[in-house]
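Report on one structure; see the data block that follows.
The values are calculated or read from the model by the stated rules, or taken from the named source; none is laboratory data. Please read these numbers as outputs of a predicted model, since none were measured by experiment. Note that each Cβ is placed from the backbone with ideal geometry, even for glycine, and that neighbours are counted across all protein chains shown. We work out accessible area using only protein heavy atoms, side chains counted, and drop any ligands, DNA or RNA first. Shrake-Rupley method; radii C 1.70, N 1.55, O 1.52, S 1.80 Å.
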Amino acid sequence: MIARSILAFALAAWFGGAPSDLREVQIAPAGAETEITVVVGGDITPHHFMLADPPRLILDVEGATHDLERHSYEAIGRGGVIRMRTSQFRPDVVRLVFDLTRELEYAVEKAQGKVRVTFENPGESFSRWSTQPGAAAAIDLTGASPTGRDMPAANPAPDAAAALAAVQQAQPRISVAYDSASMLDVLAGFSEFAGVSIVPNGDAASVMVRGIDIKNQPWDVALSAILSAQNLGWQTSESGIIVVDLLENLKTRDELLTETRVMRINYASADSVALALEKLVTPERGQVVAYSGTNSIIVTDAPSVVARMDTLVTSLDKRMPQVAIEAKIVFVDRTDVQEMGIVYDLKEREGGFVEQGINPEISVPDPNEPPQLVDTDGDGVPDQAFFKRTNETLVNLGGDAIAALANANDRVTSPALSILTAVTFGEFSLFSFIEALESHQLSDVQAAPSIQVVDNAKARIQVGERTPIRVLERGAQSEEATINVQFEDTGIILEVQPHVTNNNQILLALSAERSGLQVGLSDVGFVFEKQIGETTLLLDDGETAVIGGLTLSEVSRSESGVPGLMNIPLLGNLFRTTKENEVKQDLIILVTPHVIMPRELP
């Protein structure tokens, strides 16, 4: 038989060319129809026919070789297809058997490298399915191996419970009653009903089945219940044959076998998935290794454990939605200043004087300046002297004199209004400076950072600078002391970590900061001003929320003047300087997230 197969394959390669690889099988909705697409890497010839009781669609692909991951996909459960089994029927023919929910009219179309089978969808809408890895595996009712991959689609795939119920509902249902029957007769009946091959172990064949009455249950559920009651179990081989044996034998066989499989991770991190799989390995036997070169995981363990790992991997390794986050940070700084005061200067016109701050260009001798001719000794004759500009207090004791200053040390800074008046009282002159200032300053800083990040990942955006800070260690005054440099980030900083919930809402952990650097007044060196908003909130797609609102108002008022005179009602205003400074700062942070669902794969 082997020689004939090799000869047939050689003749097919000689006369008709080498067979093409059968690479993938897809099941996808096409309007109100179900479309099965078989992808082959070359020219092929399809043959097909339908079987009844139970309904099965047989598709033979001539000119192809089997290149799928498995031979049995047990729980497809969508579009009228219950399961699929594949095999290398002949050296150049791959046979695909589709178990259907009922007999259907179908059409077969051949294209370049593809075979399409279409028929009316007898069930509800469903998501795409493929034998290629890359999405969640379909539910495996036998617990033996993964059964395929769900492709991302516009309609979300049903959850595990709903998918299990749909698959069980799609399975042919059976009602049986056994009072005293051999296990061979029971298995033969199930094999005939379900159209599957069942092989019992010798110990299992000798078991008698008594007191069994099952009504209107899926055949595989009924078979599992009967076997479990007799301390038996079943496994499905890669060729689709069901093997029945004692549970302890199945466990022993599974423990003796070891399988090594490479699982390619498409979207998640191999290290994170490997960390989760390590909880499933058999102690002192199983092994999980993450290979970052191809973002893959190498697992070695019993076949049943490897199968569970594969199911878990396909559930974890999904295309995740992305979240685009638009934030707006508004910072408004308003400063209102009001100052008013009167400065008095009383002196003799021909005597000494005391001046401070009234005329900042008073001259005093300075040898560093070029000489000028000025009468410095009061004899009426100009003398050579040197001068510099100053605003220090000057006292001239050039004879008997009376001079006085009032409010000179607390004048209005950069006055917008300055009025000088002079009144003469005999030999005395009284000068008064009326100064006033009112100013309004407005600073409006707006930043609109936006960032896009995958679900459950952290993202950070900063517009600003990094300021180096010297940190002195203990004993900094010694020669052996070291100085470390730390960096402080300042500017507009946005940090987010979104999570898209099942109902398409966004659970958002967000931190927004506006900070700046100022020179400190102490020996510390720097002062960092920060406005920070941190929160976690739940938003709808496209909903805008105000996550931070801070209003800071600071008012300072000071009065200084001539003691006693400044407290006189009404007239006291003439002998004091009043300053009022009001600062208001407003910080508003708004955020708007948008969910970006992954595109449907072609």
Between residues in the range 571-583 that are closer than 30 Å to D444 by Cβ and residues that are in a strand (DSSP E or B) and of a type in the set (D, E, K, R), which pairs lie under 6 Å by C-beta distance while being six or more apart or on different chains? T578/E559; K579/E339; E580/R557; E582/D336; V583/E554
Identify, by number, the condition in (1) more than 24 Å from T236 (Cβ to Cβ); (2) assigned to a strand (DSSP E or B) that E124 doesn't meet. (2)
Answer yes or no as to whether I82 is in a loop (DSSP other than H, G, I, E, B) and closer than 19 Å to T118 by Cα. no
Is it the case that S304 is more than 35 Å from the chain's Cα centre (by Cα), farther than 30 Å from I506 by Cα and of a type in the set (S, T, Y)? no
Give me the pairs: first residue in the range 414-435 and within 21 Å of M340 (Cα to Cα), second residue open to solvent by less than 60 Å² (accessible area, probe 1.4 Å) and among the acidic types (D, E), beta-carbon distance under 7 Å, and six or more apart or on different chains, which are they? P415/E435; L417/E435; S418/E435; F431/D345
Within the range 17-33, does at least one residue satisfy the condition of being in contact with a strand residue (DSSP E or B) (Cβ under 8 Å, 6 or more places away or on another chain), touching a residue at least 40 places away in the same chain (Cβ under 8 Å) and under 24 Å from G189 (Cα atoms)? no
Considering only the range 211-218, I want to know if a residue exists there that is surrounded by fewer than 14 Cβ atoms within 10 Å (Cβ to Cβ), under 51 Å from the mean Cα position of the chain (by Cα), at pLDDT 80 or above and part of a strand (DSSP E or B). yes
Would the range 254-276 turn up any residue that is assigned to a loop (DSSP other than H, G, I, E, B), open to solvent by 60 Å² or more (accessible area, probe 1.4 Å) and either without any contact (Cβ under 8 Å) to a residue 12 or more places away in the chain or in contact with a Phe, Trp or Tyr (Cβ under 7 Å, 6 or more places away or on another chain) (or both)? no
Within the range 442-469, count every residue that is part of a strand (DSSP E or B), modelled with pLDDT under 85 and not charged (D, E, K, R). 14
Would you point out which residue out of T118, T65, T34 is within 21 Å of P172 (Cβ to Cβ), in a strand (DSSP E or B) and among the polar types (S, T, N, Q)? T34
Could you pull out the residue among V288, V313, V244 that is under 26 Å from T501 (Cβ atoms) and crowded, with 20+ Cβ neighbours inside 10 Å? V313
Taking T37 as the residue in question, decide whether it is surrounded by 16 or more Cβ atoms within 10 Å (Cβ to Cβ), of a type in the set (V, I, T) and under 37 Å from the mean Cα position of the chain (by Cα). yes
Filter the range 189-231 for residues that are of a type in the set (A, V, I, L, M, F, W, C) and closer than 16 Å to P54 by Cβ and give the result. F190, F193, A194, V196, I198, W219, V221, A222, L223
